1. Among the residues of segment 53-63, what is the count of those that are open to solvent by 60 Å² or more (accessible area, probe 1.4 Å) and part of a helix (DSSP H, G or I)?
2. Based on this model, can you work out whether R18 counts as without any contact (Cβ under 8 Å) to a residue 24 or more places away in the chain, more than 22 Å from V143 (Cα to Cα) and more than 17 Å from the chain's Cα centre (by Cα)?
3. Kindly provide the set of residues from segment 105-147 that are surrounded by 14 or more Cβ atoms within 10 Å (Cβ to Cβ) and not hydrophobic (A, V, I, L, M, F, W, C), ordered by number.
4. Across segment 1-52, what is the number of residues that are more than 26 Å from A129 (Cβ to Cβ), open to solvent by less than 70 Å² (accessible area, probe 1.4 Å) and either touching a Pro at 6+ places or on another chain (Cβ under 9 Å) or not in a helix (DSSP H, G or I) (or both)?
5. Could you list, in sequence order, the residues of segment 114-132 that are in contact (Cβ under 8 Å) with a residue 60 or more places away in the chain, within 12 Å of L26 (Cβ to Cβ) and not small (G, A, S)?
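The values are calculated or read from the model by the stated rules, or taken from the named source; none is laboratory data. Since this is a predicted model, take the numbers as computed values, not measurements. Glycine also receives a Cβ, built like all others from the backbone with ideal geometry; neighbour counts cover every protein chain displayed. When the accessible area is computed, the model is the full protein with side chains, heavy atoms only, and any ligands, DNA or RNA have been set aside. Shrake-Rupley method; radii C 1.70, N 1.55, O 1.52, S 1.80 Å.
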Amino acid sequence: MDTAVDDRATEFHAFFERHYAELARLAHLLTGEADAADDLAADAMVALWHRWDRVRAAEHPVAYARGVVANLVRSRIRGAVRERRRVALFWDRRSEHTDDPDIPVVVDVQTALRALPFRKRACVVLRHAFDLSERDTALALGVSVGTVKSQTSKGMAELQRLLGPRAATELVGGRN
């Protein structure tokens, strides 16, 4: 086997060992599904391996990897939405709208996070659960720092509405 190939494989293996758990955690927080998170993190690692030369040449390889996970999650969510629409069309269900919904007193954080649109959820999770800077979050999601600021702010406002101001503040460790 070629020495360059051995070095490439060793370098990727070290990257995998250092970052797989973090990428799986990110996928879990973005999807709310533990089983899907492992699959998504594994799929991301396969994609990273296939583009390893590009990844290792990137200025921020971990940000690149987070972006791959975010894109895979986005694709999974879009696929699930399309599938739900197909099922709904197939069964021709009537609207399930309720005039007076029964809202539970306590809403857990994962449910509240899942209620956020993807970009807001991703910004809140990366900024507060992963404690990334606005710049690193922007790099991971492929958006501007301004987008990160606005989406994080809007996401936190929505979480405060869903969870209450005290619970949302505790979620982010008192950070604003």
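1. Count: 4.
2. Values: without any contact (Cβ under 8 Å) to a residue 24 or more places away in the chain: yes; more than 22 Å from V143 (Cα to Cα): yes; more than 17 Å from the chain's Cα centre (by Cα): yes.
In short, yes.
3. Matches in segment 105-147: R114, R119, K120, R121, R127, H128, E134, D136, T137, T147.
4. Summing the residues that are more than 26 Å from A129 (Cβ to Cβ), open to solvent by less than 70 Å² (accessible area, probe 1.4 Å) and either touching a Pro at 6+ places or on another chain (Cβ under 9 Å) or not in a helix (DSSP H, G or I) (or both) in segment 1-52 gives 0.
5. If we filter segment 114-132 for residues that are in contact (Cβ under 8 Å) with a residue 60 or more places away in the chain, which is where we start, we get 114, 118, 121-122, 125-126, 129-130.
Among the residues that remain, those that are also within 12 Å of L26 (Cβ to Cβ) are: 121-122, 125-126, 129-130.
Across segment 114-132, the qualifying residues are R121, V125, L126, F130.
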